[in-house]
Amino acid sequence: MSSTAFAQILPVFVQGLLLSLGLIVAIGAQNAFVLRQGLRREHVLPVVAFCALADAVLITAGVLGMAQALGRHPALAQAMALAGAAFLAWYGWQALQRARRASQLQAAAGGAGLSRGAALAQAAAFTLLNPHVYLDTVLLVGSIGAQQPDGLRGWFIAGSSIASLGWFTALGFGARWLAPLFARPRAWQVLDALIGLTMWVLTVMLLRLALNGT
């Protein structure tokens, strides 16, 4: 790979990585469930694999589907970029507001054990029955990924998917070590502050893309 190609790929890959991480790292039912399974050491691999694969499929469908739709309507592409920038700015603001409040992620390690089928069914419910997952992956990540040049969209998808896989892997297999950290409100305040700033950086990048029309 030439240095020129790498210089083009890296920003797109990192943008997908940071965007996906910023959206997925939050206190919610899906993350609490993965953390619970990790604490119990119960069907961790299938649950992590399902959550990561579901995100990858939704992201890929969003990017490719939105790219096809936006390719036929250049004005819509610019409008979606501006809408995405507005959403990221709002999301970043919300994250910074959360950083001012104490919150924590806790998962009950007790309760009855689950069969593999039941664990996957719950993972599917927490993932696919959450309307925000479609807003995040298909619409938002999809529309931003669709703005990338044809040859670089795959790298954006790769960055976003690797972020999801890395997060769920760390949450599931690192639960024993991460649970005490995530139970500390201060850790989430720092994390939310970083997410907020990251989203604002991505907002600026997306605005430049929309206003330049490239």
Quick check: the angle from helix 116-128's long axis to the longest principal axis of the chain, C-alpha only, nearest 10 degrees?
40
Once the dipole of the chain is set up with Lys and Arg at +1 and Asp and Glu at -1 on Cβ about the Cα centre, which of ALA146, VAL47, ALA77 lies farthest towards its positive end?
VAL47
What label, among (1) 11.2; (2) 14.6; (3) 12.2, belongs to mean projected area of the Cα convex hull in nm² computed from the structure on display?
(3)
Along segment 66-81, what does the Karplus equation 6.51 cos²θ - 1.76 cosθ + 1.60 (θ = phi - 60°) give for ³J(HN,Hα), rounded to whole Hz, x for Gly and Pro?
5, 4, 5, 5, 6, x, 7, 9, x, 5, 5, 4, 5, 5, 5, 5
Cα-projected label distance for ARG208 with ARG72, points at 7 Å along beta-carbon direction, nm:
3.2
Computed over the chain: relative contact order in percent, which uses C-alpha pairs under 8 Å that are six or more apart
47
Treat every Asp and Glu Cβ in segment 18-129 as -1 and every Lys and Arg Cβ as +1, leave all other atoms uncharged, and give the resulting dipole magnitude about the Cα centre to the nearest 20 debye.
260
Using the Kirkwood radius built from alpha carbon pairs, what does the Stokes-Einstein equation give as D for segment 1-49 at 37 °C and 0.692 mPa s, in µm² per second?
248
Degrees, to the nearest 10: 3-24 long Cα axis against longest axis of the chain
50
Might you report the magnitude of the Cβ-based charge dipole of the chain about its Cα centre, with Lys and Arg at +1 and Asp and Glu at -1, to the nearest 20 debye?
540
Suppose accessible area is computed on protein heavy atoms with a 1.4 Å probe; arrange TRP200, TRP188 from highest to lowest.
TRP200, TRP188
GNM top mover of VAL44, VAL190, VAL12 - the chain, alpha-carbon springs below 10 Å:
VAL190
Taking alpha-carbon centroids only, segment 151-172 lies from segment 179-197 a number of Å equal to 21
With Cα springs under 10 Å, the Gaussian network model of the chain assigns the largest mean-square fluctuation among ALA29, ALA75, ALA175 to ALA75
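The values are calculated or read from the model by the stated rules, or taken from the named source; none is laboratory data. All values derive from a computational prediction rather than experimental measurement. Cβ atoms come from the backbone with ideal geometry, glycine included; neighbour counts cover every protein chain shown. Surface accessibility is based on the protein's heavy atoms, side chains included, excluding ligands, DNA and RNA. Shrake-Rupley method; radii C 1.70, N 1.55, O 1.52, S 1.80 Å.
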